[in-house]
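One structure is given here, and the rest of the page talks about it.
The values are calculated or read from the model by the stated rules, or taken from the named source; none is laboratory data. This one's a predicted model, so the numbers in the text were calculated from it and none came from an experiment. Note that we place each Cβ from the backbone using ideal geometry, even for glycine, and neighbour counts take in every protein chain shown. In case anyone asks, the SASA skips ligands and DNA or RNA and just uses the protein heavy atoms, side chains included. Shrake-Rupley method; radii C 1.70, N 1.55, O 1.52, S 1.80 Å.
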Amino acid sequence: SASISNCTIINNSSASAGGGAYMYSTGMSQCDISHNFSNSVGGGAYTYGTRISQCDINYNVSNSDGGGVYSYYWITVFSAYVDPTIITHSRICNNQAGGNGGGFRMGYYSDRLFNSLVSNNTSANQGGGILGKGDIINATIVRNLSHDVGAGINGDFNLKNSILWGNEKLGVPDNFAG
């Protein structure tokens, strides 16, 4: 698998998925993914089984889900298992989604977020900070906004040792839905 480190991915756009990056089983560390746009999902990055560490994912926009990161995960009788997307020691801030998951649209199974900040993201629907299913451990999820339920996080999560604070749905406190 490929590895990307110490890079800047800025001011890119995509008519489909992954405004800044489209990654499959890739490792990424110490990168800045900012000011990217996707007409579909994953304003900053569209990922399959990607490991992201010590990255800033900020000021990205998607017209659909995952303003900062959109993680795709599938399993069918015709496909092989794909490792989850794991984000550690990173900041996902100030992203916007026209759909769900303003900061991080996790996949449906076992994506993970560790020791990271998810702040000031916005979604037009659910999960201003995060929407999906997975593990959230030692994370700070603050000041995210949504127009529907779960402004901080929305979904089925294993949530441990994390801070959910100041998240709002249309001006009303709304840290968690699931």
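Things to note:
- Surface accessible to a 1.4 Å probe, per residue, for the residues of the chain, Å²: 42 Å²
- Amide H contacts of residue 25: 48, 49, 50, each under 5 Å away and 5 or more positions distant or on a separate chain (H built 1.01 Å from N in the peptide plane; Pro and chain starts excluded).
- Net charge of the neighbourhood of residue 98, taken over other residues with C-beta under 15 Å away and scored Lys/Arg +1, Asp/Glu -1, is -1.
- Hydrodynamic radius (Kirkwood) for the chain, which is based on Cα pairs only, to one decimal in Å: 15.0 Å
- Ranked by how many other beta carbons lie within 10 Å on average, peptides 65-73, 19-27 from highest: 65-73, 19-27
- Within the accessible area of the chain, the carbon and sulfur atoms contribute 49%, probe 1.4 Å, all protein chains present.
- Straightening the chain between residue 115 and residue 133 buys 4.8 nm, computed as 0.36 nm per residue apart minus the Cα-Cα spacing.
- The stretch 15-71 has equivalent-ellipsoid semi-axes of 17, 12, 7 Å, by the square roots of 5 times the alpha carbon gyration tensor eigenvalues, sorted largest first.
- Inter-label distance for residue 11 and residue 160, nm, one decimal - labels placed 7 Å from Cα along Cα-to-Cβ: 4.3 nm
- Other residues with beta-carbon under 13 Å from the beta-carbon of residue 165 carry, at +1 per Lys or Arg and -1 per Asp or Glu, a net charge of -1.
- Around residue 52: net Lys/Arg minus Asp/Glu count, Cβ-Cβ under 15 Å: -1
- In the complete set of protein chains, residue-level accessible area for residue 1 is approximately 140 Å², probe 1.4 angstrom.
- Cα gyration tensor shape for the stretch 41-135, rounded if a/c is under 1.5, else prolate or oblate: oblate
- Residue 89/residue 149 FRET efficiency (R0 25 Å; Cβ-Cβ; nearest 0.05): 0.30
- Simple Cβ-charge dipole of the chain, Lys/Arg +1 and Asp/Glu -1, about Cα centre, in debye nearest 20: 120 debye
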